[in-house]
Amino acid sequence: MSTFVLGWAVTGAQVLLGLAMCCATYRLVVGPRAQDRILGLDTLYVNAMLLLVTFGIRAGSSLYFEAALIIGLLGFVATVALAKFLMRGEVIE
């Protein structure tokens, strides 16, 4: 019974994360300001990371969790670099 419930919960989470990724992609493409586009990109990488975690739960493999960790680290660095670029106009001083 618990495996059945876990399967449905993971499937529901994957569907909702896919919908959230569609909304983030819309904000990334349509965003009227650069800040909106960066926020859409930040949300997109967080949702992609969580989607990989749900794939890892479904498959029972630790490879997905390592890939999610790498996406999280690279996404954070990209967000910080883009925010610094918007504030100062340059990334490296």
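Any read-out appearing in this document is the output of simple, stated calculations on the displayed coordinates, not a laboratory observation. Quantities reported herein were computed from a predicted structural model and do not represent experimental measurements. In this analysis, Cβ positions are derived from the backbone assuming ideal geometry, glycine residues included, and neighbour counts consider all displayed protein chains.
Helix-only mean residue ellipticity at 222 nm, the chain, DSSP H runs n ≥ 4 weighted -39,500 (n - 2.57), per residue, nearest 500. What is it?
On the way: 3 runs with 81 residues, N = 93.
Taking each H run of at least 4 residues, the total per residue is -31000 deg cm²/dmol.
Would you work out the charge dipole size for the chain about its Cα centre, treating the Cβ of every Lys and Arg as +1 and the Cβ of every Asp and Glu as -1, and quote it to the nearest 20 debye?
My answer is approximately 180 debye.
Determine the equivalent ellipsoid of the chain by diagonalising the alpha-carbon gyration tensor, then write out the semi-axes as square roots of 5 times the eigenvalues, largest first, rounded to whole Å.
31, 16, 6
State the volume of the convex hull built on the alpha-carbon positions of segment 1-53, expressed per residue in Å³ and rounded to an integer.
Dividing the Cα hull volume of segment 1-53 by its residues yields 50 Å³.
Anyone know which of Gly60, Gly18, Gly75 comes out most mobile in the 10 Å Cα GNM of the chain?
Answer for the Gaussian network model of the chain: Gly60.
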